[in-house]
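Below: the structure, in structure tokens.
What follows is calculated from the coordinates using simple rules that are stated; it is not laboratory data. Since the structure is predicted, the reported quantities are computational estimates derived from the model, not experimental observations. As a convention, Cβ positions derive from the backbone with ideal geometry for all residues, glycine included, and neighbour counts pool all protein chains shown.
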Amino acid sequence: MQDLKLVLGDLSSCLETLSTLNGGEPLLELDEESTAVLNPWKESALRILDKLKDILKVYGTNLDVAERARVISLTAVFIGQDHFTDESCRNAAKDCLNRIGALDKTIAARVLNDHVKPLFQVSVHPGIHLDTGRVKHDAISIQNMYDEQPWKIKGAGCWNILVWVLSNMDSSDIETLWPLAIPPLLTLLDDFKPMYKLRGVDVTQALLKKAPPTLLRRTGVGELLFKSLLGALQNLTSDSAPELLRETTPCYLVLVDLVLPDDDLQRYAKLAELVTDVIIPGWLYASSRIEIMIESVYALSLVVQALGAGSIRFLKAIIPQLTENLSPKEFSQTHTIRRLQIESAKCLLIVMVNARPRIPYWRVRILDGLLRCWVDVNEDTSDGMELEREELKECLISAFRELLATSQSLLEAFLSKNAKLYMVGRQSDRAQMALASLCTIKKGELKFIEMDLTSLDSTRTAAQEFLRSSTYWSTMREVLYPVIPNILLMSIHTRCSAEFLPPIDLLTNEGYDLVFGVNCVATCFFTLCLLPCLLKTPSARIVNMASEVHRWVDHIDYSSVMEGEKRRGMDPFVNYGQSKLGLMLFSNELHRRYHRFGLVSVSLHPGTIKTNCYKHKPAWLQFLLHLFMYSPEMGAITPLWAATTASDLGGWYLLPWARVAQCESWAEDVDEMKKLWSWVIDRTEEFNSNIARFREE
């Protein structure tokens, strides 16, 4: 056993040398230049640990209590993540500790009494009795702050000893030994330097995994830990603030679950304290330190999850900040911006789920933030950021889905803002069910106008009905849904567009191909009927539902859109592409003619959406197609953005989800735009002679 004593003596001398490497100052405050002196020391320590490991392989289980306690006090120092140790030293130390047998109550008491307590006796925490560990009722409020305390100079790694002992002792032993662990733990947590607070958090985490909840409540230790952890979280001006937020918040929440599992009032108060005293004040410092904002948002996610519906109280502070975080921050590096956006999107989703009853009030604010972020991430082409961009997109899509799930439809979103809406479409059971549901909303005004786009007579009648119903265009907030021509009422599954590739025998009442007649002729005619009022309405906006299939054809063969051999011999995909190209030409001509008068006309592709436009196809084909499509709610994102954004998107082509794109050149050909415009008027003016005045510019 003599060789064991020699090796332990060498290791003790090695640790004493460690305390001199920083000129008598606390070792954790070594700067980067001074850490170079640690490398030779680590090599020496590793050699001694390897020797000790070999000796313990022989004598490990035969050591007495004092020898085991000494081995623990000298080797557990190395198991932490401190910069005076490394992976090799950690592994060697763990091997040594594994070879001395299980930690029993007697050995744990010996370690804490003989090797930890003496380091803290002259700097005991002012709020507790050193011998009993219980709370002092006449405690002084200020802890001894001087740096020459023994545990800082001579006790480097003493916190690792505490962590190892607490992690390896039985829960039943904590009932007896807690007075030996609590004083040093609180001394660490309440030290004025963040680096020691972080070590205190490590010790607290180890304690909470083993301590019986009744012990924490009965002794008052739980309340002391709440106070100390909150103090650590409020250390927002330090360089370690981000790390403190990330490490301490989960620890605080575990303590809440242990001490206050059933007491709803006190539990809520402790959780609310994190929001009001830590997270929101942290945002004041985040204007110059985005790292604090990132970690405070991460902490907020955890707290909101714990608060549940109780988080509704803080929505006025939370949602504006989270949506602001989603916008690009030019003063930060791209990867830092992305991390903030990702954490904010994740947190926003948690907020929406837990505060769902109140989210409709915030829908527009949230949607604006999500869409701005989506546009930003899709325009980012920087190298090395692919994984971050994909993660952010997934987070945004999840948030979009949750946002759209908070209400029945886009109509409800408009109604919630006290808008007057006109819902147009064919009479159907689905339309009536939707109307009955929407009428339960106590805000805004909703009117249904029957319209069948397969009939130009019906289309004209619907336009006239709308014009009769709305008279004060300059003063009333009115929305025709759709004056977004050809748009789908995605969220209630009614449609104004034609079926995709319908049976060849289907025609409109006037003999046009069903697809071209609905998607182009009737839709353009409907807009022309409303154009006089649209031109009188300030900031009127028309959103045309086009498609990426406009890229399939570079011109329109007008002889193929009426019933005849040429139509029946045409590829139905080409015919569908013609109908969408025609709508885009019309939309762009609207912009060219009337944008100077304040009219905004934009066309978009809503995405590949699950609708009933494949209803005549075999069930197996519908099933396969739907596997590669998005939900109807997702199809509402880009149209809603186009209809509500403050940006002037006139003349642009939009793609999912809410981003500006470039259409094909032939969709912007001025000659083709004029040709389509004149052709539509020539074909439809017999149904409404008033539109003839729009033939000339």
Residues with amide H under 5 Å from that of Ile542, placed H, sequence gap 5 or more: Val600, Ser601, Val602
Positive dipole terminus of region 262-406, leading residue within Pro357, Gln341, Val275 (C-beta point charges): Pro357
Burial ranking of peptide ranges 564-571, 688-695 (average Cβ count within 10 Å, highest at the top): 688-695, 564-571
Estimated FRET transfer efficiency when R0 is 51 angstrom, pair Ala309-Arg596 (beta carbons, to 0.05): 0.50
Length added when fully stretched, Arg217-Asp54, from 0.36 nm per residue minus Cα-Cα: 54.2 nm
Cα→Cβ-extended label distance, 7 Å offset, between Asp383 and Asp505, nm: 6.1 nm
Cross-link pairs Lys57/Lys210; Lys193/Lys227; Lys536/Lys675; Lys536/Lys580; Lys316/Lys346 - those with Cα-Cα distance over 22 Å: Lys57/Lys210; Lys536/Lys675; Lys536/Lys580
Fewest-first ranking of Leu348, Leu186, using other Cβ atoms within 10 Å as the exposure measure: Leu186, Leu348
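So how do Arg246, Arg70, Arg468 line up by other beta-carbon neighbours within 10 Å, fewest first? Don't jump to the answer; show the numbers that get you there.
Working: Arg246 15, Arg70 20, Arg468 8.
Least to most surrounded, the residues fall as Arg468, Arg246, Arg70.
If R0 is 22 Å, what FRET efficiency do you get for Gln266 and Lys316 from their C-beta distance, rounded to 0.05? Don't skip to the end; give the middle numbers.
Working: r = 24 Å, r/R0 = 1.10.
Working from the Cβ atoms, E equals 0.35.
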Linear extension gain, Gln464 paired with Lys193, 0.36 nm per residue minus alpha-carbon span: 90.1 nm
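Taking 0.36 nm per residue of separation and subtracting the Cα-Cα distance, what length does fully extending Asp3 through Phe573 add? The partial results should precede the final answer.
On the way: separation 570, 0.36 × 570 = 205.20 nm, distance 8.82 nm.
The span from Asp3 to Phe573 would gain 196.4 nm if fully extended.
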Fewest-first ranking of Ser327, Ser587, using other Cβ atoms within 10 Å as the exposure measure: Ser327, Ser587
Reduced Cα scattering model of region 262-406, Debye log10 I(q)/I(0), q = 0.10, 0.17 Å⁻¹: -0.33, -0.91
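Apply 1/(1 + (r/R0)^6) to the Cβ-Cβ distance of Asp648 and Trp41, taking R0 = 56 Å, and write down the FRET efficiency to the nearest 0.05.
Numbers: r = 66 Å, r/R0 = 1.18.
Calculated transfer efficiency: 0.25.
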From phi via Karplus (6.51, -1.76, 1.60), per-residue ³J(HN,Hα) for region 551-561 in Hz, x at Gly/Pro: 7, 6, 10, 10, 6, 10, 8, 5, 6, 9, 8
